[in-house]
Amino acid sequence: MSIQLFTPTFAVDECLEEIRECLEKGWTGMGFKTVQFEDAWKKYTGMPHAHYLNSATAGLELAFAVLKQENGWEDGDEVVTTPLTFVSSNHAILFADLKPVFADVDDTNCLDPESVRSRITPKTRAVLFVGFGGNCGHYEEIVKICKENGLALVLDAAHMAGTRLNGEIPGKEADAVVYSFQAVKNLPTADSGMICFKSAKHDEIVRKMAWLGINKDTYARTNSMGNYKWKYDVEYVGHKDHGNSIMASIGLVQLRYLDRDNAYRRQLARWYTEGFRPYPDKIRLIHIPENCESSCHLFQIIVEDRDGLMDALHAVDVYPGVHYVENTQYRMYAYAAGTCPNATYISDHILSLPMHMRLTHEDVQLIIDTVVKYVTK
Ligand SMILES: *Cc1c(COP(=O)(O)O)cnc(C)c1O
């Protein structure tokens with residue numbers, strides 16, 4: 001049997017039970033389960049606000065759209081960001097007509113605070129921090145830098161569902177935190193995401209913007225019978241970004257198992273780490289600071305001959321992945337090529353090993369043996 005990078009596992013009967021409720025009630029769209037999931041997520045994370053969306057990509061775009069509008073940022077204002085991420089993070093900055101300015105990463109694969117400081121100019125308005133692979137990296141330092149320089153902070157927490165920092169879900173300091181519940185993330189649905197704004201006003205705005213700018217409260221509030229549902233106002237030009245009750249049904253169920261699943265991911269990570277620890281010269285591991293309990297979305301190693309190792313793993317039916325090609329190697333972001341040497345090195349040498357609930361100790365051992373044999377040959 002082949003071993004894939006990600007194979008999501010669902011509590012199938014429980015998911016179907018929640019979905020059945022939607023179908024029987026005749027309510028599959030926004031509302032009903034989406035509201036339940038928002039409430040459950042607020043309770044789990046301790047975030048003051050949460051709006052359920054159809055993806056994290058939509059969430060990141062909305063984060064910059066709302067913050068730009070409400071803070072009066074100008075076109076071309078700068079956001080310091082990481083090149084080591086999925087392109088959706090940086091596209092969100094461009095969609096808002098802001099400029100991604102790339103800072104380098106450190107041994108945590110997250111933004112290096114010193115590099116971030118060096119990129120701040122009079123036009124800098126925000127920092128986008130990606131909790132890479134579930135790692136907190138030096139997030140607390142970044143929070144400090146943002147405070148000192150009056151910058152907004154957006155946390156791309158696509159990998160971070162369940163991550164804790166000093167025993168708590170991180171992100172309460174950020175202006176917006178965006179989670180992904182895409183098919184292979186730690187809390188898989190099929191596609192969806194959540195945006196958690198710090199400010200109640202921003203939360204109120206995002207609920208309109210995520211539904212074409214429609215303000216459905218105007219008349220509904222003054223008429224409890226709901227007779228004037230059609231009499232809404234439209235305040236913004238928005239996209240259709242909100243989530244639906246079928247996805248939320250799966251999310252509600254998977255949330256029950258998130259901590260249990262993440263604990264097993266950490267067990268897998270410990271097995272990998274023990275297997276690779278004797279070879280520090282050949283296999284570099286990603287540093288996770290002591291006060292971070294990572295969701296372990298990814299387990300990654302950095303090796304000299306990544307592509308050769310990938311072939312060796314394919315030969316034993318193991319299919320690892322690469323997260324990510326650093327974004328300045330893409331045409332869109334080539335203006336910053338060469339500005340982040342650590343990210344470029346990592347991009348060329350990093351490998352994500354299989355990480356999911358169906359892996360056994362034997363699977364991990366096979367992968368360790370194959371990697372060790374290849375890098376020590
Ligand atoms: C998956 C991912 C996203 C996008 O999430 P979607 O829900 O698929 O839109 C954004 N940022 C990072 C770092 C991701 O891994």
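The values are calculated or read from the model by the stated rules, or taken from the named source; none is laboratory data. Just so it is clear, the model here is predicted, and its values are computed rather than measured. Cβ placement follows ideal geometry from the backbone for every residue including glycine, while neighbour counts extend to all protein chains displayed. Side chains are part of the model used for accessible areas, which takes the heavy atoms of the whole protein and leaves out ligands, DNA and RNA. Shrake-Rupley method; radii C 1.70, N 1.55, O 1.52, S 1.80 Å.
None of 206, 143 is more than 13 Å from the ligand (Cβ to nearest atom), in contact (Cβ under 8 Å) with a residue 12 or more places away in the chain and buried (at least 24 other Cβ atoms within 10 Å of the Cβ) except 206. For residue 18, are the conditions met, namely being away from the ligand (no atom under 16 Å from the Cβ), surrounded by 18 or more Cβ atoms within 10 Å (Cβ to Cβ) and over 24 Å from the mean Cα position of the chain (by Cα)? Criteria met by residue 18.
In summary, helices (runs of 4 or more DSSP H) completely within segment 145-257 and bearing 3 or more residues that are in contact with a Lys or Arg (Cβ under 8 Å, 6 or more places away or on another chain) occur at 217-220, 245-256.
Every test in (1) farther than 23 Å from residue 342 by Cα; (2) within 16 Å of the ligand (Cβ to nearest atom) is passed by residue 127 save one, and that test is (1). Contact annotation: residue pairs with Cβ atoms under 6 Å, 6 or more positions apart or on different chains, pairing a residue in segment 116-139 that is without any contact (Cβ under 8 Å) to a residue 60 or more places away in the chain with a partner that is away from the ligand (no atom under 16 Å from the Cβ) and charged (D, E, K, R), are 123/77; 123/78; 124/78; 125/77. In segment 58-90, the qualifying residues are those that are of a type in the set (Gly, Ala, Ser) and more than 9 Å from the ligand (Cβ to nearest atom), and the one that is farthest from residue 109 (Cα to Cα) is 72. Here residue 29 meets each of (1) in contact (Cβ under 8 Å) with a residue 60 or more places away in the chain; (2) within 16 Å of the ligand (Cβ to nearest atom); (3) surrounded by fewer than 20 Cβ atoms within 10 Å (Cβ to Cβ) with one exception, condition (2). Filtering 361, 297, 323, 356 for residues that are under 26 Å from residue 164 (Cβ atoms) and surrounded by fewer than 18 Cβ atoms within 10 Å (Cβ to Cβ) leaves a single hit, 361.
Considering the conditions (1) open to solvent by 10 Å² or more (accessible area, probe 1.4 Å); (2) within 16 Å of the ligand (Cβ to nearest atom), residue 161 is excluded by exactly one of them, (1). Got at least one residue in segment 329-348 being open to solvent by less than 60 Å² (accessible area, probe 1.4 Å) and among the charged types (D, E, K, R)? Scanning segment 329-348 turns up no residue that is open to solvent by less than 60 Å² (accessible area, probe 1.4 Å) and among the charged types (D, E, K, R). Within segment 164-186, if we keep just the residues that are more than 11 Å from the ligand (Cβ to nearest atom) and of a type in the set (A, V, I, L, M, F, W, C), the residue that is surrounded by the fewest Cβ atoms within 10 Å (Cβ to Cβ) turns out to be 169. Of all residues in segment 173-195, those that are without any contact (Cβ under 8 Å) to a residue 60 or more places away in the chain and among the small types (Gly, Ala, Ser) have Cβ atoms under 9 Å from Cβ atoms of residues that are more than 10 Å from the ligand (Cβ to nearest atom) and in a loop (DSSP other than H, G, I, E, B), 6 or more apart or on another chain, in 174/198. Considering (1) more than 14 Å from the ligand (Cβ to nearest atom); (2) open to solvent by 20 Å² or more (accessible area, probe 1.4 Å); (3) under 23 Å from residue 350 (Cβ atoms), the lone condition that residue 201 does not fulfil carries the number (3). Scanning segment 32-58 for residues that are within 18 Å of residue 257 (Cα to Cα) and open to solvent by 10 Å² or more (accessible area, probe 1.4 Å) yields 36, 38, 39, 40, 42, 43, 44, 46. Here residue 98 does not fit the description of being surrounded by 21 or more Cβ atoms within 10 Å (Cβ to Cβ) and within 18 Å of the chain's Cα centre (by Cα). There is at least one residue in segment 6-14 that is surrounded by fewer than 21 Cβ atoms within 10 Å (Cβ to Cβ), touching a residue at least 24 places away in the same chain (Cβ under 8 Å) and within 14 Å of the ligand (Cβ to nearest atom). Can you say whether residue 101 is more than 16 Å from the ligand (Cβ to nearest atom) and either more than 22 Å from residue 147 (Cβ to Cβ) or out of contact with any Gly (no Cβ under 9 Å at 6 or more places or on another chain) (or both), as far as the supplied structure shows? Considered against the rule, which asks whether it is more than 16 Å from the ligand (Cβ to nearest atom) and either more than 22 Å from residue 147 (Cβ to Cβ) or out of contact with any Gly (no Cβ under 9 Å at 6 or more places or on another chain) (or both), residue 101 comes out as yes. Given the conditions (1) assigned to a loop (DSSP other than H, G, I, E, B); (2) free of Cβ contacts under 8 Å to residues at least 40 places away in the same chain, and given that residue 335 satisfies all but one, which numbered condition is not satisfied? (1) is the only condition that residue 335 fails.
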